[in-house]
1. Need a quick list: helices (runs of 4 or more DSSP H) entirely within the chain having at least 2 residues that are surrounded by fewer than 16 Cβ atoms within 10 Å (Cβ to Cβ), among the charged types (D, E, K, R) and free of Cβ contacts under 8 Å to residues at least 24 places away in the same chain.
2. Just to be sure I understand, how many residues within the range 29-56 are under 26 Å from ILE3 (Cβ atoms) and either at pLDDT 95 or above or of a type in the set (Val, Ile, Thr) (or both)?
Amino acid sequence: MKIFENIINHKINNITSTELMKYSKQFKIAISAEESEKLATHLNGRKVNIFKPTERAQLIREVAKLTSPQTAKELNELFNLFAENN
């Protein structure tokens, strides 16, 4: 389902810190306001495709550096759910 992939990737590549905070609460992923700001700045304008395992793995490594390994692990589990359901 290519349209589903495009919608999710577009959202990730254009997300704001406010949206990140909202989604982190919704999916129970603990991040601070400072971390959400760093992540949003890092993600904006990038062309990351979380449905490609190598791109997803690289993004998760970057998230771990910006936040914490635990946050990156939780985010990876969420991305895997999206990828499995696609």
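1. Counting at least 2 such residues, we get 2-13, 17-26, 53-66, 69-85.
2. So the first thing to find is which residues in the range 29-56 are under 26 Å from ILE3 (Cβ atoms), and the list is 29, 39-40, 42-56.
Narrowing the set further to residues that are either at pLDDT 95 or above or of a type in the set (Val, Ile, Thr) (or both) leaves 29, 48, 50, 54.
So the answer is 4.
The values are calculated or read from the model by the stated rules, or taken from the named source; none is laboratory data. In this text, all values refer to a predicted model and were calculated from it rather than measured experimentally. Virtual Cβ from ideal backbone geometry, glycine too; neighbours counted across all protein chains shown.
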